[in-house]
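Some notes on the structure that comes next.
The values are calculated or read from the model by the stated rules, or taken from the named source; none is laboratory data. What you see is a predicted model, and the numbers here were worked out from it, not measured in a lab. Using ideal geometry, Cβ is built from the backbone for each residue, glycine included, and neighbour counts are taken over all protein chains shown. Just the protein is used for accessible areas: all its heavy atoms, side chains included, with ligands, DNA and RNA removed. Shrake-Rupley method; radii C 1.70, N 1.55, O 1.52, S 1.80 Å.
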Amino acid sequence: MIKKLKPGKISIVIFLTALIWVWSDLAQDDRLPLPDVRIEVAKSTDPALWVNFVVEGADPNLQTSVALETVELKGPASRVAEVNRRKNSGAIDLNLFLVPEEEGLTKAETHTINVLDFLRKNQVIRELGLAVESCKPERLTLQAQTLVLQEVGVECIGVDPGLQVVLDPSLITAYVPAGKTLKAKIPRLTAEEQTQAKAGAIEKTPYVELVQNQRRETSTKVKVTLSPVQNLLTEDKIPATYRFCLSPNLVGKYSVKLENEQTELTRVSVRGTDLARKAYRDAPAQLLLYIEDQDAQTPADQWPISREFRFAFPEDYVRLGQIVPDQPAPVARFRLVPIETPTTIEPESFPRVLGEGEP
């Protein structure tokens, strides 16, 4: 005769079975390696405090974040499988932030952190429900520096040539490393922003690059206005000095004789900014005349040759559209005159002086 199980006994059997499964799962710990954990220094509440990891062999060796080589977690197999699934789907952000004040960094000093302790206290890791078993490296070095507030110039990069940049203000205060001369830079303007800046001032926030790839925005906004450089160019007549550019095939064989030097090559008329005109005036030569190899073969009845000079404008100012000619290039009328080869005396023709002991 089969006895009927009572409901209470059935519940006890189910409960004990569940406990066995739970115990079995807990007894089977598994490990999960995390190769893509990165620790980043959070921005300090003190704007004068600059905190970096010191990374040996890197250039630059001061960096705001480091990638850990390995982090190994440990826990129940089911939990490890769930965390691994979430990691593979991109649902877990493994960029961890280190807050300087929480590590006791409030002044200029060098500080070493225990990475294992940091990971075990980190809220993101704790929420995974797994224990941190090991990590590499085990220690990291932090360096805190105190920046100084000083006045720096502002510049705008990447503006189309031919546009004059007006910045208001052109000098601002910013936190920079002591003893360094840095500039605040306006981020590169988009084509749309350049169009807006031509119609009126636009506001941009400059940044200071403390070291390579480390930018810190300033607290001051700058108004940027663009206007055509041509409106700011002033006419000037500059005394002209010229130079000849001969190929190596002609150097030492021909001299250049100008026939209109005194009448047409005394001054040139240009338009430019004050700095561009001064640079052009101070240049070694204002005009260049290029002499070609075939000029030496010109028949006598076709002399003189007529050719335009080239303006020797400083390249940096030309690229920015800050200097242009205000007249056509002057034309040189010239001829090539052969240089007579000096008579050479053979060594045998020199009288010999007999030395002591010679026959």
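Data table
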item	result
Within the range 279-299, tally of residues that are surrounded by 15 or more Cβ atoms within 10 Å (Cβ to Cβ) and closer than 16 Å to Asp326 by Cβ	3
Residues satisfying the stated conditions in the range 106-138, i.e. touching a residue at least 60 places away in the same chain (Cβ under 8 Å) and assigned to a loop (DSSP other than H, G, I, E, B)	Thr106, Leu130, Pro137
Scan of the range 176-229 for residues that are in contact with a Ser or Thr (Cβ under 8 Å, 6 or more places away or on another chain) and of a type in the set (Asp, Glu), ordered by number	Glu217
Odd one out for Arg31, checked against (1) in contact with a strand residue (DSSP E or B) (Cβ under 7 Å, 6 or more places away or on another chain); (2) at pLDDT below 65	(2)
Per-region count, the range 285-317, residues closer than 25 Å to Leu232 by Cβ, among the hydrophobic types (A, V, I, L, M, F, W, C) and modelled with pLDDT under 85	0
Set Glu192, Glu151, Glu209, Glu203: member being assigned to a helix (DSSP H, G or I) and open to solvent by 40 Å² or more (accessible area, probe 1.4 Å)	Glu192
One residue from Thr70, Thr64 being of a type in the set (Ser, Thr, Tyr), modelled with pLDDT of 90 or more and buried (at least 17 other Cβ atoms within 10 Å of the Cβ)	Thr64
The range 164-177 residues that are within 17 Å of Glu203 (Cβ to Cβ) and open to solvent by 50 Å² or more (accessible area, probe 1.4 Å), paired with ones that are acidic (Asp, Glu) and modelled with pLDDT under 95 (beta carbon under 6 Å, 6 or more apart)	Leu171/Glu151
Boolean, Ile92 is modelled with pLDDT under 90, surrounded by 13 or more Cβ atoms within 10 Å (Cβ to Cβ) and touching a Leu at 6+ places or on another chain (Cβ under 8 Å)	yes
